[in-house]
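The values are calculated or read from the model by the stated rules, or taken from the named source; none is laboratory data. Source: prediction; values computed, not measured. Here the Cβ positions follow ideal geometry from the backbone for every residue, glycine too, while neighbour counts run over all protein chains shown.
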Amino acid sequence: MANQKFKILGTKYGITITKPWSPEMYDHNRQVATKMKEIIFQSLTKAYNQDNEHDLRIIAVAINSYSYGSGYGLDEIYADACRGLDMVENYWLYDWTWPDLLNRKLVEPIDINFVGYDKK
């Protein structure tokens, strides 16, 4: 990797955005993903604890990208969404899950975001 050339694409949150990604970018994105997942988990758990099937289904679909038929109970949806949230990739959080839940006002905005996904 010593011979690998990095193209500098800018700076965000005090981090130099490079292509290929730097360890600093990966570390930052891991921290952002952890924060987003904690907030999503709180929203998911709130919907579950309040027996809010509508919101629970919306959050689960945003996490997993598939829906649940009428045969699925709240316990099954919640457990599956929790498993999906543990495994969701950062790009999916960036492209789909977080924006969808923000638009639906099921999570509150945070002051940081991922770096590097919007750079070509």
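Data for the structure
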item: Residue in the stretch 101-120 that is nearest to His54 (Cα to Cα), counting only those that are touching a helix residue (DSSP H, G or I) at 6+ places or on another chain (Cβ under 8 Å) and surrounded by fewer than 17 Cβ atoms within 10 Å (Cβ to Cβ); result: Arg104
item: Matching residues in the stretch 1-59 - criterion: being farther than 26 Å from Asp86 by Cα and among the charged types (D, E, K, R); result: Lys5, Lys7, Lys12, Lys19
item: Pick from the stretch 68-85, criterion closer than 17 Å to Glu38 by Cβ and touching a residue at least 24 places away in the same chain (Cβ under 8 Å), ranking: farthest from the chain's Cα centre (by Cα); result: Tyr78
item: In the stretch 53-94, the residues that are β-branched (Val, Ile, Thr) and assigned to a loop (DSSP other than H, G, I, E, B); result: Val88
item: Output for the stretch 51-103, where each listed residue is among the β-branched types (Val, Ile, Thr) and closer than 25 Å to Val115 by Cα; result: Ile59, Val61, Ile63, Val88, Thr97
item: Test result for Lys37, surrounded by fewer than 17 Cβ atoms within 10 Å (Cβ to Cβ), within 25 Å of Arg104 (Cβ to Cβ) and modelled with pLDDT of 95 or more; result: no
item: Any chance Lys105 is modelled with pLDDT of 95 or more and of a type in the set (Lys, Arg); result: yes
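Per-residue answers, yes or no, for (1) over 16 Å from the mean Cα position of the chain (by Cα); (2) part of a strand (DSSP E or B); (3) over 21 Å from Gly73 (Cβ atoms):
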site	(1), (2), (3)
Ile17	yes, yes, yes
Gln31	no, no, yes
Lys35	no, no, yes
Asp51	yes, no, no
